[in-house]
Structures are given as C-alpha cells and as structure tokens.
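Structure first, then comments.
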C-alpha cells in the first residue's frame, strides 16, 4: 500500500485525547469498537476528552487500564460514522529495516505522520519487548498507531529517549491484541489489569475493594469518577469558573494544562496562563492579511489599538491577532468575565468586519 494511501486511510481513525494535565493520541479499532491509547495519556482518569475528524469534542469513559504495558481503552462516541476498518498486523512478521509510519498529534498539531524504519524489532525494556524505530515521534504522539507498509497497526507509539535523535519505542501489537481479546467479553465494564499477575479485575471481582483476587497484589482503581472531580486550584480554577459562567464547558475547551481554546463565532481564541510570568494571555486569531491595500488596513488597526486600549491588534506571520493581557493578581471572576466577554465579542465582530470591508482572507482550516 502506498504511503499516501496509508496516511489518507488513517486520518479519520486517529483521535486527539486531552486531560487536565496533557494531550495525546488514540486510534479507533472497529473490530473491537474501542479507542486505543497509552495508559500514561489518561493516567488514573475515568474520563478523557476526545476529538476526531468526524466528531466534535466530547467526554469518553476510560474502561480499561494496564499500567505495566501502558495500554488503555476508551469507549467511542455514539455517533461514530465512516471510520476506516483498521486492522492489527502480525508483529511476528516484522523485521529490522522494515519501513513504518508513526501517526499522531505531536505538540497538539492536528494529525502528523512521520516515516522511518524499524531499528530493532525486539528491544527489551523492563521485561517488555518494544519496537525501536527511527521515525520522529514527539510529545503528543503517545498512544498513536505505528503502521507497516500494508497499512496494518503493528504497535502503539509509547515513549522516546529524551535528548536522543529519533530514538522512539512502540509497544508491539501482540501485547495489544492479547489485551483486546481478553477485554472483549467484559466490554463496557471498568477493568484493571493486575501489574503483578496480569489478571483482569473489575470493581465487582476485586478482593476487599483493593486486592487482586488472583495474586493478592494491591490495586488502585481510579478514585476520580469524572474529569470534573480532579481538583483545579489557583488561577486555573478562577479561569474555568469564568468560562463556565460564560456558558462554556471547561472540560471540552481545555487543550492542556493551563491552556484553553474557544470558538468565538468565526474566530479561535487561545487562553494560556504561565505561572512563571504571572500573566494570562488571550489571543484571538482572526483573518489573514489581504493581498492589496494593506496600508489602509494598518491605519485602521492602529486607530483601533488607540481606541480600545484593553485589547491590542498584532500580527503573527500573516494572521491578525486580537489580544488581551491580564496580571494574575488582578484576576477576579468579575474582571475576568468582563475581559473575556469583551474579547470574544470583539473577535467575532472584527473577524467579520476585516473580511467584508478590508478584503482580509479567512484563516486556513485543516480539512
């Protein structure tokens, strides 16, 4: 199968995953009707935020956790449609030098595929075999599929060695298939795999609420019933209280720790808080510069900068950005609500006005 065909095939099957502490990747397997990812992507959460090309952001329950092998399963959304029928490949046929593709969402970039070869099929780490690859994988790739030249999933991209160039490791599909086959009869139940003996344990079969009934090892089921139960403190808590008051679901607009992304009409607003600098930065990405009469546009934007004061127009490459800046000690629910409401309203207003009256171009969107 041509690599272009493989990449096109996987676009609708690869899923973005986010929790309060970070982001990662998952992929949907129709034969099992489950989303697969790494355990460390969802940690001890019982829910995570998922988004795909065929469905919007929503919460998905984490139904299987295997910390030792770093595998987790999530239930897919009800409205899964037109997703490709991905197949698990036979890991035993993989050889050193085989070409592979690592697919995921590194650093939050929507859908990225990198090509490479298998450096070593059986690289043992902590008693578990991994596929060592030279395809570039980065933070955010975790949980994504490693695909062979036939378009089959042969592994889960799991970890890298920091400071090394293109030194990545994927968990072989043989571990994944074993877990999927054992979990399938229990599908829908919350299951932990015992890290000591490998037994599949449910809340109903756990011994005295915390011990593996097979070997007696102490287990820890996720204590949080939902993402909302994880405590949010400090400025992040205030920001989320403000956004909730404005009618947004804080869980669905979160794009990582201390980062939020909101659609304000036709504009996209990115809010970030950096505790090291004490500032809350809100950037509304509007339209792009027009092909002509840019001087007239600049004159208008400079006048608006003088008039609005609390908001500031700037350029990032060819994009016009409307920004607000607030010192964290000045943030209250009241002041934040006024600032965000004004920015969201202004972003939608200016985006439309600049396109219609100054010939600006819409922001390019990924298809």
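Computed values, structure above
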item: Rel. contact order, % - alpha carbon contacts under 8 angstrom, at least six apart, the chain; result: 13 percent
item: Scaled radius of gyration (Cα, divided by 2.2 N^0.38 Å) that the chain gives; result: 1.12
item: The chain: angle of helix 234-245 to the longest principal axis, Cα-based, in degrees nearest 10; result: 70 degrees
item: Label zone at residue 353 (point 7 Å along Cα-to-Cβ), backbone N below 11 Å, the stretch 306-335; result: 307-308
item: Point-to-point label distance, residue 279-residue 199, nm (Cα→Cβ direction, 7 Å offset); result: 5.6 nm
item: The stretch 234-358: relative contact order in percent, alpha carbon pairs under 8 Å with at least 6 residues between; result: 29 percent
item: Most mobile of 263, 356, 218 in a GNM of the chain (Cα contacts under 10 Å); result: 356
item: More than 24 Å apart - percent of Cα-Cα pairs taken over the stretch 234-358; result: 27 percent
item: Using alpha-carbon coordinates, inclination of helix 333-358 to the longest axis of the chain, degrees; result: 70 degrees
item: Value of relative contact order over the stretch 282-324, rounded to a whole percent, pairs C-alpha under 8 Å and six or more apart; result: 54 percent
item: Helix-only [θ]222 nm of the chain, DSSP H runs n ≥ 4, -39500 (n - 2.57) each, per residue, nearest 500; result: -6500 deg cm²/dmol
item: Simple spin-label estimate for residue 129 and residue 295 in nanometres, 7 Å along Cα-Cβ; result: 7.0 nm
item: Tilt relative to the chain, helix 173-183 - C-alpha long axis, 0 to 90 degrees, to 10; result: 80 degrees
item: Among 102, 72, 250, residue whose mean-square fluctuation peaks in a GNM of the chain (springs only between Cα atoms under 10 Å); result: 250
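Any read-out appearing in this document is the output of simple, stated calculations on the displayed coordinates, not a laboratory observation. Given the structure is predicted, the values throughout are model-derived calculations rather than measurements. A quick note on method: Cβ atoms are made from the backbone with ideal geometry, for glycine too, and the neighbour counts reach across all protein chains shown.
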